[in-house]
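Inspection log for the structure reproduced underneath, given as structure tokens.
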Amino acid sequence: MKTIWNYIPLYLLLLYALGILTQFYFCIFTDFVQGFFVLLIFFISCRLFFKKAELLVFYFLGMHAVYVFQNPKGHFGKNENKTSEIHLKIQDFLKANKYTKSYVAEVCFVDSISCTGKVLLRIAQESSAHPLEIGDCVIAHARFGELQKKRNPHDFDYGAYLKRKNIQAQVFLKRNSYRIRKSSSFNLRKWAADQRLFLKRELRGIIKNKEVLGITEAMLLGDKSEVPKEVITNYASAGVLHILAISGLHVGILFALLNFMTRPLLFLKKGKYIRWVFVMLFMWGFALLVGLASSVVRAVAMFSFVGIALCISGRFTVLHSLVSAAFVLLLFNPFFLFDVGFQLSYSAVLFLVVLQPFLARLWRPKYKVLVYFWNLITVSIAAQIGVLPLSLFYFHQFPSLFVLSNLVILPFVGLVLFWALLVLLFALSGWVLPFFVKRFTDFVLLLNEFVDWVAMQEAYIFENVYFPSGYVWTSYVCIILGIVSLKKKKKGVLFVFSCALVFFLLLHLWHNKENREKDVFVVFHKYKSSLLLKKSKAVIEVYTDSRSRDSLYLKAYFRENFPIQKVAFREFENFHKFQNKTIAVLDSVWKNTGDALKVQILILTNSPKLNLERLLRDSEVEQVVADGSNYPSYKERWRKTCQKWDVNYHDTTEKGAFIMSKKN
């Protein structure tokens, strides 16, 4: 542990990652020349005060890497919002819905000019259309549009998620509005996708149970598309969802198995290097086969460095391998830093290495069976502590029975993987072994029944947890200081740890006070429906025409406005008061009595039949809001009328939810 602090790549990694974050959120580099001069001036000034100022170059390299990735030579950005002939090359598939199919595509040409950059390609569903494949070129007259922004407060921001993957625009194509040109050149990713599709067909030929088939494809091929939603939900609630995603656990089992199988190579001259080459070729081939998913690439990269460490020193230097792998991956693609899986996997491994040995020493069982299960428990606890702040921040859920789930499931993961691999090999060889496949199916279903039972213990699953970004950093500081204080047992460290805990508590109290003192009036965006919310201190009133359908819209809002004392669902009212302003809600049943409306804000729902021009002329309306329940033709007419009378107009379809707020 002490030697890691003398490992230079650790500091290079930290500086490089800090540079990535700085450029992504603050955009300091606006062009290369400016960035070069900023780097030169900063380096010269730091050289006067620090002996190793050259290390700070990696801070600027991180900023420069993000700038180059976002603004490559010939980027398509200057052609946004205008119709052009676009040539797009399919790179990857995304999850489709019943309306559109989605792809990640590389821009090749715009109006015959060579361009670069990645976009989200959305194509209207068409049952008769020829399916696209990786490497295909799509040619169409279209325009680059902005990525979809979140329309309601605290919704998942899909546009921001894509930008963190360096996808900066989207292209939407209607049916029969494009043509496809098949690629004649060899494409390694396409070849791997074809092999994966072939293996899936073979598995489907012998495994008839859809649930078991989906889990087998997820664990062997990294494809969770066939896993039923309820199975994924149950695995997440039980705290063992990581089993269904190929990651460090699966790659580690594969690494150990390959090292065991290739042990005879050690008797050859330079055998350990030959074994490393063989194992790495197999593991990177496996990564290619499962589509070079980021989780697999991370795990294989880390175990590649573990293999190098074993060759050089013969010692298992996990921390050095972890740092080296993370540094190389970020050099290759700085946007890996924003990948949730990257953050979770490296946090888990880091705490496994640092915390698990300490936990294991707390109790030393006499019997090997107890040692085995105690190690499993400490591994689960250490990994869960490492990912807990991030899990609460991203998923807002904590399965408190994770120790029980992992204690039962983890010992059998290797067996299930090996068994599934044998089933696949039998399928490829043409052998029909119904009894063998039946036993495998029964075993997987038995594990699923246990997971289902754990997931049913709802009292032990904490959902919709309020955990903002400030809590993440503070909690990690508290966890790290807590570990150090337990190991060092010094009063100074214990005092700092206590101060960190007090700060976390004060931060929590401050968040509660801020949320409690904020009054809000929200007009949500809902397609073909209406939803209004009024919050006064810790009391929320919800006005809706479809209470049962609003849980998904309101769940995130209730969570992020913790604490809430009371929630009341009410029928729609035509008039509300907020910020000394009168709000009128007019719907399809509203009838104009001819009297002037003495209101400042007008909310239109369910396409009311009204003469908006006369209403604006005879009233004091300052703002008109149209929600998603109105007809598009009505909203376009209202927009023109408001523009004519110089009245602010807000369409929730275009601008998202309309929000008014004040602090008491």
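The values are calculated or read from the model by the stated rules, or taken from the named source; none is laboratory data. Just so it is clear, the model here is predicted, and its values are computed rather than measured. Here the Cβ positions follow ideal geometry from the backbone for every residue, glycine too, while neighbour counts run over all protein chains shown. Surface accessibility is based on the protein's heavy atoms, side chains included, excluding ligands, DNA and RNA. Shrake-Rupley method; radii C 1.70, N 1.55, O 1.52, S 1.80 Å.
Only one of the numbered conditions (1) modelled with pLDDT under 85; (2) in contact with a strand residue (DSSP E or B) (Cβ under 7 Å, 6 or more places away or on another chain); (3) of a type outside the set (Lys, Arg); (4) surrounded by fewer than 19 Cβ atoms within 10 Å (Cβ to Cβ) is not met by residue 554, and that is (4). For the range 281-309, the set of residues classified as closer than 20 Å to residue 195 by Cβ and over 28 Å from the mean Cα position of the chain (by Cα) consists of 281, 282, listed by residue number.
Considering (1) open to solvent by 90 Å² or more (accessible area, probe 1.4 Å); (2) touching a residue at least 60 places away in the same chain (Cβ under 8 Å), the lone condition that residue 505 does not fulfil carries the number (2). Selection over the range 650-664 of residues that are in a loop (DSSP other than H, G, I, E, B) and surrounded by 16 or more Cβ atoms within 10 Å (Cβ to Cβ) gives a count of 2.
Within the range 246-259, the presence of a residue that is within 30 Å of residue 459 (Cα to Cα), modelled with pLDDT of 80 or more, under 23 Å from the mean Cα position of the chain (by Cα) and not in a helix (DSSP H, G or I) is excluded.
Looking at the range 484-497 only, could you name the residues that are modelled with pLDDT of 90 or more and open to solvent by less than 50 Å² (accessible area, probe 1.4 Å)? Hit for the range 484-497 is 497, nothing else. Considered as a group, the residues in the range 162-204 that are closer than 30 Å to residue 67 by Cβ and modelled with pLDDT under 85 include one that is least open to solvent (accessible area, probe 1.4 Å), and that residue is 187. Note on the range 474-533: residues that are hydrophobic (A, V, I, L, M, F, W, C) and outside any helix (DSSP H, G or I) total 8. Consider the range 122-132 and keep the residues that are touching a strand residue (DSSP E or B) at 6+ places or on another chain (Cβ under 7 Å) and closer than 25 Å to residue 187 by Cα. The one that is most open to solvent (accessible area, probe 1.4 Å) is 130.
Scanning the range 343-350 turns up one or more residues that are touching a residue at least 60 places away in the same chain (Cβ under 8 Å), more than 30 Å from residue 199 (Cα to Cα) and under 27 Å from the mean Cα position of the chain (by Cα).
Considering the range 557-597, the residues that are part of a loop (DSSP other than H, G, I, E, B) and open to solvent by less than 40 Å² (accessible area, probe 1.4 Å) include one that is modelled with the highest pLDDT, namely 587. So is residue 208 part of a loop (DSSP other than H, G, I, E, B), touching a Leu at 6+ places or on another chain (Cβ under 9 Å) and either closer than 21 Å to residue 419 by Cα or hydroxyl-bearing (Ser, Thr, Tyr) (or both) or not? Judged against the criteria, residue 208 is not a match.
Candidates 89, 98: the one that is within 22 Å of residue 196 (Cβ to Cβ) and either open to solvent by less than 20 Å² (accessible area, probe 1.4 Å) or of a type in the set (Lys, Arg) (or both) is 89.
Being of a type in the set (Phe, Trp, Tyr) and free of Cβ contacts under 8 Å to residues at least 24 places away in the same chain is the filter here, so list the residues in the range 221-276 that pass it. Write out each step before concluding.
The initial filter retains those residues of the range 221-276 that are of a type in the set (Phe, Trp, Tyr), namely 235, 255, 260, 267, 273, 276.
Once the filter is applied, which keeps residues that are of a type in the set (Phe, Trp, Tyr) and free of Cβ contacts under 8 Å to residues at least 24 places away in the same chain, the range 221-276 yields 260, 267.
Table: residues versus (1) in contact with a Pro (Cβ under 9 Å, 6 or more places away or on another chain); (2) surrounded by fewer than 18 Cβ atoms within 10 Å (Cβ to Cβ).
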{"position": "102", "(1), (2)": "no, yes"}
{"position": "116", "(1), (2)": "yes, yes"}
{"position": "120", "(1), (2)": "no, no"}
{"position": "141", "(1), (2)": "no, yes"}
{"position": "144", "(1), (2)": "no, no"}
{"position": "155", "(1), (2)": "no, yes"}
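Could you look through the range 638-649, keep only residues that are more than 39 Å from the chain's Cα centre (by Cα) and of a type outside the set (A, V, I, L, M), and pick out the one that is surrounded by the most Cβ atoms within 10 Å (Cβ to Cβ)? So that I can check it myself, show each step before the final result.
First, pick out the residues of the range 638-649 that are more than 39 Å from the chain's Cα centre (by Cα): 640-647.
In the following step, the residues that additionally are of a type outside the set (A, V, I, L, M) were identified as 640-646.
Values: 640: 12, 641: 18, 642: 22, 643: 11, 644: 11, 645: 15, 646: 7.
The selected residue is 642.
Residue 477 - would you say it is of a type in the set (A, V, I, L, M, F, W, C) and either farther than 24 Å from residue 397 by Cα or touching a Cys at 6+ places or on another chain (Cβ under 7 Å) (or both)? No, not satisfied. Evaluate the range 266-282: report whether one residue or more is in contact with a Leu (Cβ under 7 Å, 6 or more places away or on another chain), closer than 25 Å to residue 12 by Cβ and either part of a helix (DSSP H, G or I) or hydroxyl-bearing (Ser, Thr, Tyr) (or both). Scanning the range 266-282 turns up no residue that is in contact with a Leu (Cβ under 7 Å, 6 or more places away or on another chain), closer than 25 Å to residue 12 by Cβ and either part of a helix (DSSP H, G or I) or hydroxyl-bearing (Ser, Thr, Tyr) (or both). All conditions in (1) within 23 Å of the chain's Cα centre (by Cα); (2) among the hydrophobic types (A, V, I, L, M, F, W, C); (3) closer than 27 Å to residue 117 by Cβ hold for residue 192, with the sole exception of (1).
Taken over the range 617-632, the criterion of being surrounded by fewer than 20 Cβ atoms within 10 Å (Cβ to Cβ) and either farther than 19 Å from residue 589 by Cα or modelled with pLDDT under 90 (or both) is satisfied by 617, 618, 619, 620, 622, 623.
Within the range 151-187, how many residues turn out to be farther than 30 Å from residue 332 by Cβ and in contact with a helix residue (DSSP H, G or I) (Cβ under 7 Å, 6 or more places away or on another chain)?
As a first pass, look at the range 151-187 and keep what is farther than 30 Å from residue 332 by Cβ: 151-155, 172-180.
With the extra rule that they be in contact with a helix residue (DSSP H, G or I) (Cβ under 7 Å, 6 or more places away or on another chain), the set shrinks to 151-155.
Qualifying residue count for the region: 5.
Taking the listed residues 450, 435, 440, the one that is in contact (Cβ under 8 Å) with a residue 40 or more places away in the chain, farther than 25 Å from residue 479 by Cα and over 31 Å from the mean Cα position of the chain (by Cα) is 440, with no other qualifying.
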